[in-house]
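Worksheet: the structure to be examined is printed underneath.
Read-outs throughout are calculated quantities, based only on the coordinates presented, and are distinct from any laboratory measurement. Model, not experiment: these values are computed from the prediction. For neighbour counting, all protein chains shown are included, and Cβ atoms are generated from backbone atoms with ideal geometry for every residue, glycine included.
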Amino acid sequence: MVESLGHPWCGRPDAGFSYLLLNHSGKVEPRMSLLGKAAVAMWWKVRPEQRSEFDDWHSHEHFPERMRIPGFRRGSRWTSTLEAEGFFVLYELEQYETLTSKGYLDRLNAPTPWSTKMMPHHLSMVRSQCRVAASFGGGVATSLATIRLSPDAGRETDLETVLVEILRELAPKPGLTGAHLLLTDTPKTSSPTTEQQIRGADGAADWIVLLSGYDLDVVQKVVADQLSSSTLRLAGACENSTIGYYRLAFTMTPLDLAAM
């Protein structure tokens, strides 16, 4: 039994969490809007001639496979509104330790025949294993902006403080539904997984802002007004953040597996 105490989680280093919670043992914990404390964020391209089979495989085999792994709470796939070949995928994980769990590593090192066939078609792969630093709002909306950025050396605290306050204010605005900050923290592993070896070397983002909403025009305007590269630069980010816009294609949670 988890009970909300109804107080803002403010004035703390982990101020990105929306509320205080009291768990069954009486311990106060942060309540998060994303479905866990960690995430895997990925961007890649798929050529048009592979798109139909990719969508079939990813929806009917790959997502169900991932949702059967303990600690995976939700997966969502998004298609780019800016380039026909672009995708973004987000896995929301219960704990950071899920990234190095036996269940996950077993799957990464034993891809199915269909996965083995499809892995080489993940082009320009960027794969970031992240801790959730801030999360406001909730649910899954139809539109999403992703912003990949890095802090200037020595300005990490300044930038995170500014981003957390901006995202806190944005999530409840009309047209928007959620605002989140992910920080890449790649686990130390001994060697690349089998899936990585099939794909080739993956890139990785550093910090990631996610802004979701039910109105793409609003999402784009908010990014242009409050999260543009020039605005982020003044707040402590390096130059040339990477901004993408996406529409929801598919989402799944472990609860959906019962109907399959």
Along its principal axes, what span do the Cα atoms of segment 73-160 show, with the longest given first and each in whole Å?
47, 35, 30
So in the chain, what percent of DSSP beta bridges are antiparallel if you round to the nearest 5?
95
Using θ = phi - 60° and the Karplus relation 6.51 cos²θ - 1.76 cosθ + 1.60, list the HN-Hα couplings for segment 89-105 in order, rounded to whole Hz, with x at every Gly or Pro.
10, 10, 10, 9, 10, 4, 9, 4, 5, 4, 5, 10, 6, 4, x, 6, 5
Sequence gap of 8 or more, or different chains, plus Cα separation below 23 Å: how many lysine pairs satisfy both in the chain?
6
Quick one: compute the contact order of segment 55-195, relative version, from alpha carbon pairs under 8 angstrom and 6+ residues apart, as a percent.
25
Estimate the FRET efficiency between His60 and Lys102 by the formula 1/(1 + (r/R0)^6), using the beta-carbon distance for r and 25 Å for R0, to the nearest 0.05.
0.50
Report the label-to-label distance for Arg233 and Thr116 in nanometres (one decimal), using points 7 Å from each Cα along the Cα→Cβ vector.
4.9
Glu94 to Asn240: extension gain in nm, 0.36 nm per residue of separation minus the Cα-Cα distance?
49.4 nm
Between Leu183, Gly154, Ala201, whose Cα lies farthest towards the positive end of the dipole of segment 148-201 when Lys and Arg beta carbons carry +1 and Asp and Glu beta carbons carry -1, centred on the Cα centre?
Ala201
Additional length obtainable on full extension of the chain from Asp217 to Val126, 0.36 nm per residue less Cα span:
30.2 nm
Using θ = phi - 60° and Karplus 6.51 cos²θ - 1.76 cosθ + 1.60, couplings along segment 245-260 (whole Hz; Gly, Pro as x):
10, 9, 10, 5, 9, 6, 9, 8, 10, x, 5, 6, 5, 5, 8, 9
So how do Phe136, Phe72 line up by other beta-carbon neighbours within 10 Å, fewest first?
Phe136, Phe72
Of Leu34, Leu123, Leu176, which has the largest mean-square fluctuation in a 10 Å C-alpha GNM of the chain?
Leu123
Hey, could you grab the Kirkwood Rh for segment 27-133? Inverse mean 1/r over distinct alpha carbon pairs, Å, one decimal.
14.8
Most mobile of Leu99, Leu90, Leu108 in a GNM of the chain (Cα contacts under 10 Å)
Leu108
For the chain, with a Gaussian network of springs between Cα atoms less than 10 Å apart, report the residue from Ala39, Ala201, Ala134 with the top mean-square fluctuation.
Ala201
How large is the helix-only mean residue ellipticity at 222 nm for the chain, computed as the sum of -39500 (n - 2.57) over DSSP H runs with n ≥ 4, divided by its residue count, in deg cm²/dmol to the nearest 500?
-6500 deg cm²/dmol
Under a point spin-label approximation (7 Å from Cα along Cα-to-Cβ), what is the Gln226-Ala258 distance to one decimal in nm?
3.8
Extending each Cα 7 Å along its Cβ direction at Lys173 and Thr186, get the distance between those two points in nm, one decimal.
3.3
Which value, in nm² and rounded to one decimal, describes the direction-averaged projected area of the C-alpha convex hull of segment 35-259?
12.0
Ordered by fewest other Cβ atoms within 10 Å, a rough proxy for footprinting exposure, Thr231, Thr157 read Thr157, Thr231
